[in-house]
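Values quoted throughout were computed directly from the atomic coordinates according to the rules given, and no laboratory measurement underlies them. Quick caveat, the model's predicted, so the values are computed rather than measured. Ideal geometry is used to build each Cβ from the backbone, glycine not excepted, and the neighbour counts take in all protein chains shown.
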Amino acid sequence: MNRKTLVLPTVAGLLAPVLVACGGTDGAGAGKSAIVIGTTDRFEETTDAPAPFDPAVAYDIGAWNVLHSTFQTLLRLPRSGTAPIADAASKCTFGDRRNEQFRCTLRSGLKFSNGHALTAEDVKFSIDRARAINFENGPVSLLNN
């Protein structure tokens, strides 16, 4: 078969999805319907989730998706890897020979949204708070050992 006869069907096949996405008069993009990305979870205060977005309490996947998209963390996983890299921390290493103490150095210049400086004491407070609340369905199990 001649390559020239394949060009037109190939181009039409490649352009069809683009043209379909651009067309239509169903009101999309005119503020008439919502665009849903990801999940349609509802977050409500319940006995199992007394404060759905409190980092000391939240541990379900829906809440963590929101928290992960909202807050910075000491370390994060890169999109194409499995080894954590520094985010709010400038570096993190094990601080003892038995690999039981993980120590992070906070990057300088970090600020809360209100402009106050973010300090290592603030990070410690958050970890201590989660341990003190000790919510059975929360992330405290990750901090206890």
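Cβ-to-Cβ counts within 10 Å put L118, L106 in ascending order as L118, L106, the fewest first. Here N134 and T105 are evaluated by their C-beta separation; at R0 = 25 Å the FRET efficiency comes out at 0.35.
Using the Cβ-Cβ distance between D60 and A120 with R0 set to 30 Å, the FRET efficiency from 1/(1 + (r/R0)^6) comes to roughly 0.60. When T47, T119, T73 are arranged by Cβ crowding within 10 Å, least crowded first, meaning fewest neighbours, the order is T47, T119, T73.
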